[in-house]
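The values are calculated or read from the model by the stated rules, or taken from the named source; none is laboratory data. Just so it is clear, the model here is predicted, and its values are computed rather than measured. Using ideal geometry, Cβ is built from the backbone for each residue, glycine included, and neighbour counts are taken over all protein chains shown.
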Amino acid sequence: MVLWLTGLSGSGKSTIAEEFVKRNENFVLLDGDVLRNGLCKDLGFSDEDRVENLRRIREVCKLFVKEGKNVITAFISPFEEDRQLAKKEIPNCYVINVECPLEVCEQRDVKGLYKKVRAGEIPQFTGISSPFENSKADLILNTDVSNLERCVNGLIIFCKGKK
């Protein structure tokens, strides 16, 4: 099984995925920030580079699945086509939208990215100067109205229903 978490920066994808893995040790976490520092460090944030980033992630997911591992990913994944390719190419892949209003994501701004965007230091940023396309999600976790516990529990219940 692959849980493909997608959402804006600051929506809570990584936080949910990390807590989920603590409770489900049979899942491997692939986090966008971590992979951008290694496997995908040669890529920028142009639309083309984002597509290539997610192509590489799909390939890594397929390798894990082939070895019988479950995967949870945490990537912005801004384009619906890439999400649907993941579902098409990877067996038992489910798209999970981690939804949160842009204003709330900006208030959280854990990494200080929104501040840099607003100061003109980051030219292409998903949700502001670069698009985030709506998704045909298998599950929606709304982090501005649900706390971490409720989101993780919702994900666990979702998984139990898919086995």
Name every residue in the stretch 1-19 that is surrounded by 22 or more Cβ atoms within 10 Å (Cβ to Cβ) and touching a Cys at 6+ places or on another chain (Cβ under 9 Å), in order of residue number.
-> VAL2, LEU3, TRP4, GLY7, LEU8, SER9, GLY10, SER11, GLY12, ILE16
Select from the stretch 65-81 the residues that are more than 11 Å from the chain's Cα centre (by Cα) and in a strand (DSSP E or B) and write down the one among them that is farthest from ASN134 (Cα to Cα).
-> ASN70
For the stretch 82-121 the number of residues that are part of a loop (DSSP other than H, G, I, E, B) and either surrounded by 19 or more Cβ atoms within 10 Å (Cβ to Cβ) or out of contact with any Ser or Thr (no Cβ under 8 Å at 6 or more places or on another chain) (or both) is 11
Look at VAL51 and say whether it is farther than 25 Å from ASN24 by Cβ, among the β-branched types (Val, Ile, Thr) and in a helix (DSSP H, G or I).
-> yes
Selection from the stretch 58-76 of residues that are among the aliphatic types (A, V, I, L, M), touching a helix residue (DSSP H, G or I) at 6+ places or on another chain (Cβ under 7 Å) and more than 21 Å from LYS160 (Cβ to Cβ) | ILE76
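Condition check ((1) of a type in the set (Phe, Trp, Tyr); (2) under 18 Å from LEU3 (Cα atoms); (3) touching a helix residue (DSSP H, G or I) at 6+ places or on another chain (Cβ under 7 Å); (4) at pLDDT below 90) across all residues:
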{"position": "GLU121", "(1), (2), (3), (4)": "no, no, no, yes"}
{"position": "PHE125", "(1), (2), (3), (4)": "yes, no, yes, yes"}
{"position": "GLU133", "(1), (2), (3), (4)": "no, no, yes, yes"}
{"position": "ALA137", "(1), (2), (3), (4)": "no, yes, no, no"}
{"position": "ILE140", "(1), (2), (3), (4)": "no, yes, no, no"}
{"position": "VAL145", "(1), (2), (3), (4)": "no, no, no, yes"}
{"position": "CYS151", "(1), (2), (3), (4)": "no, yes, yes, no"}
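Give the residue that is surrounded by the fewest Cβ atoms within 10 Å (Cβ to Cβ), with candidates limited to residues of the stretch 137-163 that are part of a loop (DSSP other than H, G, I, E, B) and over 14 Å from the mean Cα position of the chain (by Cα).
Filtering first and then ranking leaves LYS163.
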